[in-house]
1. Tell me the relative contact order for chain B as a rounded percent, counting alpha carbon contacts under 8 Å between residues six or more apart.
2. Would you mind getting me the FRET efficiency between residue A:192 and residue B:198? Use the beta-carbon distance for r and R0 = 60 Å, nearest 0.05.
3. Can you check how the C-alpha radius of gyration of chain B compares to 2.2 N^0.38 Å, as a plain ratio?
4. Using modelled backbone amide H atoms (1.01 Å from N, in-plane), which distant-in-sequence or interchain residues come within less than 5 Å of residue B:291's amide H?
5. Cross-link candidates for residue A:230: which lysines have Cα within less than 23 Å, leaving aside residues fewer than 8 places away along the same chain?
6. Quick one: Cα convex hull volume of the range B:212-276, Å³ per residue?
7. Would you please give the residues with an amide H less than 5 Å from that of residue A:7, counting only those at least 5 places away or on a separate chain, with H modeled from the backbone geometry?
8. Taking θ = phi - 60°, what integer Hz values does the Karplus form 6.51 cos²θ - 1.76 cosθ + 1.60 yield along the range B:204-221, in sequence order, with x for Gly and Pro?
Amino acid sequence: MLKIENLHAKVDGKDILRGLTLEVPAGEVHAIMGPNGSGKSTLSYVLAGRDGYEVTEGSVTFQGEDLLAMDPEERAASGVFLAFQYPVAIPGVSNLQFLRTALNSIRKQKGEDELNAAQFMKLAREKAKLVELSPELMKRAVNHGFSGGEKKRNEIFQMAMLEPSLAILDETDSGLDIDALRIVSQGVNALRGTDRSMLVITHYQRLLDHIVPDVVHVLVNGRIVRSGDKGLALELEKEGYEKVRAEARA
Amino acid sequence: MTLIETLPAAPKSEPAAMRSVRAAAHERLRATGLPTKKTEDWRFTNVAGLVGADLTPGASTLRFELPAGVTRESAAADALPGAGPFADLNAALAEETVVLRAEGAVSAPLELTYAGAEHASYPRVRLELARGADLTLVERYDGTSALTDGVVELVLGEGARLRHVRLQRDGGKLVGLVAVRQERDSHYGAHVLTVGGELQRLDLRVTLAGKGAECDLRGFYAARGTELVDHHVRVDHLAEHGTSHQRFRGIADDKGTAVFDSQAIVHRTGGHAEAHQENRNLLLGPGAAVHTKPHLEIDHDEVVASHGATVGALDADSLFYLRSRGIPEAVARGILIHAFAHEPLTGLPEAVRAEVDAELLRVLPESEALRGLAEELQ
């Protein structure tokens, strides 16, 4: 599904990713854990195609295609979805209108028929239940005046609507209380499937109690330094990042 | 200065009072001349092109029908002294002052249409709202005029409510003054849409003369091509417990220039005032320019005031967020620009909403990408 090889990337002239290699097969959930500044968010933005992230070396292949050659909207149409760490509020644009435009843009790029208002609403009501998003929130301006938890639920709602093949969850747990974490995780788990891969980026192990990964990778200084099963996350939680950091230096 | 030197004399048939008003306006104009770039209020707005132009008045182009509740009164002598050279030019040359009066709750909107002309025109309207009257006024500036120099006086009696929509889309040159005087507890709400031609200048001046008067001034403007769009908005708080809101937004694209000058003045007699000013601008073209200057003068301690002005590009985070959801860049830009433009236009009277939406689709960049989505956006 996703194959990252020897990826190097700069932000503001500074090297952040330094030879990252990673493969996520279809249907698997991989967690990427790492200390602050290790390059976790940079990786998610590079994959989603944000301006200002300069790839200097390496490749990213997604479903056999060169992901880095695509515009952000083309990546979305081909099935990449980024759940933002800090979702953007857009006053004046209603959540539903935004999402209908997004969904129909993707359908159009894929050569599918656009959904009319009634079909879209039916789908939206169904998917909103996954993350307990109220109809009132669905109609409000995109993330405008939303609490931290509501923003993250809205991200997962969008993911449910757009049905990506690869979902990148960038610190989706940050700022969530335990109830919100439970709701968001339930939503994510409901979207797991054999043809959908997920990359769950997090600083803390607690999210992985709720979204149980197939593989855990540790990212330090822009490279994957260890990979293992979910036990690795527990080990990191207990011992902290110092040990892997020291190993990476050695 | 040819025109000013040779202004036609007032018609003999006019009452003496009116003739003397005209003569006084003419006299002031002869002394000041038309503004130059050295005139503080006209620093960015060059009207040199008008100096040698033929500004002889053409036939009146003002059209209106009176809804039940609005009557036409006989003209009175009045001339807003000191309102500036264009107001004086208007006073000297206006064919007549159309005086209208509204009583009670008027259900149908009063619609004034200025068709413009190849000649210059000098429409002059005075609208009085009786105590407790309630009215919606819609002004439309259409056509392509050499110069439309219009003066609109609005007088709101005690407790009167006026919703004023002004659509400035004259394809030529439009210089307008709207002077509003509000008595006690009256409410004035303005929505100005300026999407017109090469020169559009509006002076909107509101005097909160009675205790507890409120005004809510909103607008959106677009300067495209080589257009120049200039708004000067001023609110004077003369009486206590006055509230004023100014909320204007605009875009400058291509080589367009937008000027926004906003003043709120709380006089010594205007305590317990609330005065808010906000102006936000999107600079979309590399050759475009925005000059914005909010200022607040306070002569009283008990005032709640805020003001802010911004000039910037489209927000990169928002643009990326939309694109990351599969929305093509042009559509994403269009969505953000439309959302930006619609914000100050919330609360528009129902009667003009569709018309304003259509105007925005016509003038905003990237609207082409939004065809078919129009109904989704608001």
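The values are calculated or read from the model by the stated rules, or taken from the named source; none is laboratory data. Computed from a predicted structure; not experimentally measured. Methodologically, a virtual Cβ is constructed for each residue, glycine included, from the backbone with ideal geometry; neighbour enumeration extends over all protein chains shown. Calculation scope for accessible area: heavy atoms of the full protein, side chains included, ligands and nucleic acids excluded. Shrake-Rupley method; radii C 1.70, N 1.55, O 1.52, S 1.80 Å.
1. RCO, chain B: 9 percent.
2. Numbers: r = 60 Å, r/R0 = 1.00.
According to the calculation, E is roughly 0.50.
3. Working: Rg = 20.7 Å, N = 378, 2.2 N^0.38 = 21.0 Å.
Working it through for chain B, the quotient is 0.99.
4. For residue B:291, whose amide H was placed from the backbone, the distant partners under 5 Å are B:258, B:259, B:260.
5. The reachable lysines, counting only those whose Cα sits under 23 Å from residue A:230, are A:3, A:40, A:238, A:243.
6. So the per-residue hull volume is 54 Å³.
7. Here the answer is A:19, A:20, A:21, A:59, since their amide H atoms fall under 5 Å of that of residue A:7.
8. 10, 10, 10, 10, 8, 8, x, 4, x, 6, 10, 9, 10, 10, 10, x, 9, 9
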